[in-house]
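Undergrad: Below you will find the structure I want to go over with you.
None of the figures in this text is laboratory data; all of them are computed from the coordinates on show. Predicted model only: the values in this text are computed from it and were never measured. Note that we place each Cβ from the backbone using ideal geometry, even for glycine, and neighbour counts take in every protein chain shown.
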Amino acid sequence: MPTLDPQRPLGRRTLLQRNKAGPRRVPRIGPACRDHRICVVLCPEGALVGFELEGRRGVALRLRDCTGCGHCLAACPEHAITLEARPEASAALLPLTAHEPRICEHCFEPFVGGPEALRCPACEKDANLFRARRASGSAPLVRSDFDQGERT
Ligand code: SF4
């Protein structure tokens, strides 16, 4: 009889059987989600789907297709995903998040952020880099919008 190697990931069929036999465990996405959608890209079953509807954007789950493998949980950079027991296995899409995007004050692109965030993650990263360069004395001679914004 084959033994289970803890280092080796379980196959799809085993995961589906385990999910059918015991309590089904499927992802739940908490408020820390910033809609990067890495989970949508990495889900090996295509069970997670990104959607945009009536000005809101988010991620939905097709319960039937989820094997409970936990790849999405491991991939989330915000640690927003947990697995929770959910008995039904419907083919309908279950919305897990529904964000109302805001407009970045720097690049004017829509983004999803916490209540305190004014800039999208890319612009926030640029601003942090600029601050770090200025603190180390190697900031560019031409002041950027970030520099002007911080002085006013
Ligand atoms: S637990 Fe696995 S199958 Fe289910 S949504 Fe996450 S990555 Fe996809």
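Undergrad: What FRET efficiency would be calculated for the residue pair Arg18, Glu54, taking the C-beta separation as r and a Förster radius of 35 Å, to the nearest 0.05?
TA: So, using R0 = 35 Å, E works out to roughly 0.40.
Undergrad: Label-point separation (nm) for Arg64 and Cys107, each offset 7 Å from Cα along Cα-to-Cβ?
TA: 3.8 nm
Undergrad: What distance in nm separates the two pseudo spin-label positions at Arg28 and Leu94, each 7 Å out from Cα along the beta-carbon direction?
TA: Distance between label points: 1.0 nm.
Undergrad: Here is a further query. Would you kindly calculate the mean projected area, averaged across all directions, of the convex hull enclosing the Cα atoms of the stretch 12-95, in square nanometres?
TA: Computed as one quarter of the Cα hull surface, the answer is 5.2 nm².
Undergrad: Still on this model: What Kirkwood radius, in Å to one decimal, follows from the Cα pairs of the stretch 81-138?
TA: It is 14.7 Å.
Undergrad: Let me ask something additional. Ranking Glu52, Glu78 by Cβ neighbours within 10 Å, fewest first, what do you get?
TA: Ascending number of Cβ neighbours within 10 Å: Glu52, Glu78.
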